[in-house]
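Trainee: Have a look at this one.
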Amino acid sequence: MNREVSELLEEALALPPEAREALSESLLDSLHAKEPRPADWSSYLADGPRASDTYMDGVRDLPLQASKRRTSAAEAATRDTTLNRHE
């Protein structure tokens with residue numbers, strides 16, 4: 001960090017919390033503004049990253065019912081854990 005940036009940071013840290021929050025939001029927004037999202041994703045989806053043909057080799061498929069049971073059990077466990085934290 002150069003001296004000018006260090007001095008600017010020191011001044012920013014001396015601001016009241018509300019002003020530092022507004023400043024940080026503005027800075028973060030300025031970073032995101034540099035990379036606007038495309039209106040049309042079709043080219044990315046057509047040419048984007050893909051898993052290799054061998055990515056899932058050796059992975060055994062589960063019957064649909066077994067997969068649904070495991071998903072339901074995992075969701076219930078997560079829900080129970082979340083509820084216990086808030087009690």
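The values are calculated or read from the model by the stated rules, or taken from the named source; none is laboratory data. Quick caveat: nothing in here was measured; it's all calculated off a predicted structure. Glycine also receives a Cβ, built like all others from the backbone with ideal geometry; neighbour counts cover every protein chain displayed.
Trainee: Looking at Arg79, Arg69, Arg37, Arg3 in this structure, which one is of a type in the set (Lys, Arg) and modelled with pLDDT of 85 or more?
Mentor: Arg3
Trainee: If you don't mind, another one. Scan region 1-26 for residues that are polar (S, T, N, Q) and either at positive phi or not in a helix (DSSP H, G or I) (or both) and jot them down.
Mentor: Asn2
Trainee: Here is a further query. Mind listing whichever residues of region 27-50 are small (Gly, Ala, Ser) and either part of a loop (DSSP other than H, G, I, E, B) or surrounded by 10 or more Cβ atoms within 10 Å (Cβ to Cβ) (or both)?
Mentor: Once the filter is applied, which keeps residues that are small (Gly, Ala, Ser) and either part of a loop (DSSP other than H, G, I, E, B) or surrounded by 10 or more Cβ atoms within 10 Å (Cβ to Cβ) (or both), region 27-50 yields Ala39, Gly48.
Trainee: Also: Working carefully through the options Leu28, Leu62, Leu15, find the one that is of a type in the set (A, V, I, L, M), more than 26 Å from the chain's Cα centre (by Cα) and at pLDDT 85 or above.
Mentor: Leu15
Trainee: Can you name the condition, by its number, that Glu87 falls short on among (1) surrounded by 10 or more Cβ atoms within 10 Å (Cβ to Cβ); (2) modelled with pLDDT under 80; (3) part of a loop (DSSP other than H, G, I, E, B); (4) not β-branched (Val, Ile, Thr)?
Mentor: Every listed condition holds for Glu87 apart from (1).
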